[in-house]
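Chemist: Before I ask anything, let me first share the structure, which is written out below as C-alpha cells.
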Amino acid sequence: MIKRRKAGRIRPLGPLELGVLAELHAACFAEAWDEAALAALLALPGAFALIDQGEASGSSEATPAGFVLAWASAGEAEILSLGVRPAMRRRGMARNLLAAATTEAAQRGATRVFLEVAADNRAAQLLYLGAGFAQIGRRANYYRRPGGGAAALVLAREIAGGCTSESKIEK
Ligand SMILES: CC(C)(COP(=O)(O)OP(=O)(O)OC[C@H]1O[C@@H](n2cnc3c(N)ncnc32)[C@H](O)[C@@H]1OP(=O)(O)O)[C@@H](O)C(=O)NCCC(=O)NCCS
C-alpha cells in the first residue's frame, strides 16, 4: 500500500530496520525510544513507519535523514513520532514525511489525523500549522522536562476534504 514518493527518498521502513529507526530517533530526541519500545509501537494494529533515506554523495553512502511513525485504524490516524537528523533540518524533509504519512493514512481509510506536540516545541508547531493542523486540546504536564513538565497540545487535521485553512495554535 505504501508507495515511493516521486523523489524516491521516502520509503517504508524495512522489516529488519528497527536499528535504523532507533538510531534516527536517538539522533532527534533527548529521550530516545529503544528498539524494544519501537517494536512494541510498530506491533500496534495499523502502525507503520516511513523513512527519508537521504542521498548518497560522492563515495559516501546515503544516511537515513528522518522518519515518521504513525498508525491508521478505523478511520482515524495518529502521528506517534517524527524527526529529522539535526544536520538535515530546514530542507523540507519533515514536511514531506508528514505529507507522506498523511497520504498513507488516507489510503488506509483515515479521515482525521491526530498528534501531540509539546507546548515548548515551536519549530514542530509551525510545521504542523503549515500542514493544516489545528489545536483541539491541551494536556498539562504531559512531557518530562528538567525541573518540571511541559504541556502537550493536541492537534488534528481532517484529510477527507483537504486542509483546514484557519489553523491556530495557542501562543
Ligand atoms: C521539528 C522537526 C521535525 C522539523 O524538521 P525539518 O525537516 O527541519 O522541518 P522542515 O524543513 O520540513 O520545515 C517545515 C516547516 O516547519 C517549520 N519549522 C521547522 N523547523 C523550524 C525551526 N527551527 N524554527 C521555526 N520553524 C521551523 C517552518 O514553518 C518550516 O517551513 P519553512 O522552512 O518554509 O519556514 C525537526 O526540527 C526535529 O526533528 N526536531 C526534533 C524532534 C521533534 O521535535 N519532532 C516533533 C515532535 S512533535
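Chemist: How many angstrom separate the Cα center of the range 13-83 from the Cα center of the range 96-155?
Modeler: 16 Å
Chemist: Using a Förster distance of 41 Å, how high is the FRET efficiency between S59 and R138, based on the Cβ-Cβ distance and rounded to 0.05? Numbers along the way, then the final one.
Modeler: Numbers: r = 49 Å, r/R0 = 1.20.
About 0.25, to the nearest 0.05.
Chemist: Once you keep just the Cα pairs under 8 angstrom separated by 6 or more residues, what percentage relative contact order results for the chain? Walk me through the intermediate numbers first.
Modeler: Working: 320 pairs, mean separation 27.9, N = 171.
Once normalised by length, the contact order is 16 percent.
Chemist: Oh, and also: Would you grab the residues whose amide H sits under 5 Å from the one on E76? Only those 5+ places off in sequence or on another chain, please, with H modelled 1.01 Å from N.
Modeler: Hits under the 5 Å cutoff: T111.
Chemist: Do any trypsin sites (Lys or Arg not before Pro) in the range 1-80 lie in a loop, going by DSSP, with at most 16 other beta-carbon atoms within 10 Å of their beta carbon, and if so which?
Modeler: Working: sites: K3, R4, R5, K6, R9; in loops: K3, R4, R5, K6, R9.
Sites meeting the loop and neighbour criteria: K3, R4, R5, K6.
Chemist: For the pair A74 and D34, how long in nm is the line joining their label points, each one 7 Å along Cα→Cβ?
Modeler: It works out to 3.2 nm between the two label points.
Chemist: If you don't mind, another one. Using the Karplus equation 6.51 cos²θ - 1.76 cosθ + 1.60 (θ = phi - 60°), what ³J(HN,Hα) coupling, rounded to whole Hz, does each residue of the range 86-96 give in order, writing x for Gly and Pro?
Modeler: Taking θ as phi minus 60°, the curve returns x, 5, 10, 6, 6, 10, x, 5, 5, 4, 5 Hz for the range 86-96.
Chemist: Continuing with the same structure: Using each residue's phi in the range 107-121, evaluate 6.51 cos²θ - 1.76 cosθ + 1.60 at θ = phi - 60° and report the 3J(HN,Hα) Karplus result to the nearest Hz, with x for Gly and Pro.
Modeler: Running phi through 6.51 cos²θ - 1.76 cosθ + 1.60 with θ = phi - 60° gives 5, 8, x, 6, 10, 9, 10, 10, 6, 10, 9, 5, 5, 9, 10 Hz.
Chemist: Under the Karplus relation 6.51 cos²θ - 1.76 cosθ + 1.60, θ = phi - 60°, what is the ordered set of whole-Hz ³J(HN,Hα) values for the range 47-60, x standing for Gly and Pro?
Modeler: Result, ordered by residue: 6, 8, 10, 10, 10, 8, 7, x, 10, 6, 9, x, 8, 8 Hz.
Chemist: Ranked by Cβ crowding within 10 angstrom, fewest neighbours first, how are D34, D52 ordered?
Modeler: Working: D34 11, D52 26.
So the ranking, lowest neighbour count to highest, is D34, D52.
Chemist: For A26, what charge total do you get from the other residues with a beta carbon under 13 Å from its beta carbon, if Lys and Arg give +1 and Asp and Glu give -1? Don't jump to the answer; show the numbers that get you there.
Modeler: Details: positive: R85; negative: E23, E31, D34, E35.
Here the count lands on -3.
Chemist: Follow-up. Describe numerically, in nm with one decimal, the distance between label points set 7 Å from Cα along Cα→Cβ at R89 and at N121.
Modeler: Those two pseudo-labels are separated by 1.1 nm.
Chemist: What does the charge add up to near A65, with Lys and Arg as +1, Asp and Glu as -1, over the other residues with Cβ less than 10 Å from its Cβ?
Modeler: Numbers: positive: R9, R85, R89, R91; negative: D52, E55.
In short, +2.
Chemist: What is the percent of Cα-Cα separations in the chain that go past 28 Å? Walk me through the numbers on the way to the answer.
Modeler: Numbers: 2793 of 14535 pairs.
More than 28 Å apart: 19 percent of the Cα pairs in the chain.
Any read-out appearing in this document is the output of simple, stated calculations on the displayed coordinates, not a laboratory observation. Here the structure is a predicted model, which means the values were calculated and not measured. As a convention, Cβ positions derive from the backbone with ideal geometry for all residues, glycine included, and neighbour counts pool all protein chains shown.
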